[in-house]
Amino acid sequence: MSIVVQLDGRKRVSLGRYATSDTYILEVGPGGRLILEPAEVMTAAERRALDSAALRNQVATSFASNEERVPAQPRVRATR
């Protein structure tokens, strides 16, 4: 699909109803062609977790388990 868009005075364009995501990677191609690719941003800690084979295996094992999970009970602090 091709549409004609007009830039505003600050060189902005509204994607309006055409946008499918809130975050994009912008690539400037040959001849000034602008390519927007939908993206998801993650923290460095999330990246390290995804790169950890041990953690991925632990999560997979947890999801594969048929045990019903019971929420932890809050600890009650003794008062003096």
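Every number here is computed from the coordinates shown, using simple stated rules; none is lab data. Treat the numbers as computed from the prediction; the structure is a model and nothing was measured. Ideal geometry is used to build each Cβ from the backbone, glycine not excepted, and the neighbour counts take in all protein chains shown.
Observations, loosely collected:
- Reported label for calculated Kirkwood radius over Cα pairs in Å given (i) 13.4; (ii) 12.6; (iii) 18.6: (iii)
- Check: the chain dipole with +1 on Lys, Arg Cβ and -1 on Asp, Glu Cβ, in debye: 460 debye
- Between helix 53-64 and the chain: long-axis angle, C-alpha atoms, 0 to 90°, nearest 10: 70 degrees
- Segment residue 11-residue 44, extension gain: residue separation times 0.36 nm, minus the distance between their alpha carbons: 8.7 nm
- Listed residues 53, 73, 13: farthest to the positive end of the dipole of the chain (Cβ charges): 73
- Gaussian network model of the chain, Cα within-10 Å springs - most flexible of 45, 19, 64: 64
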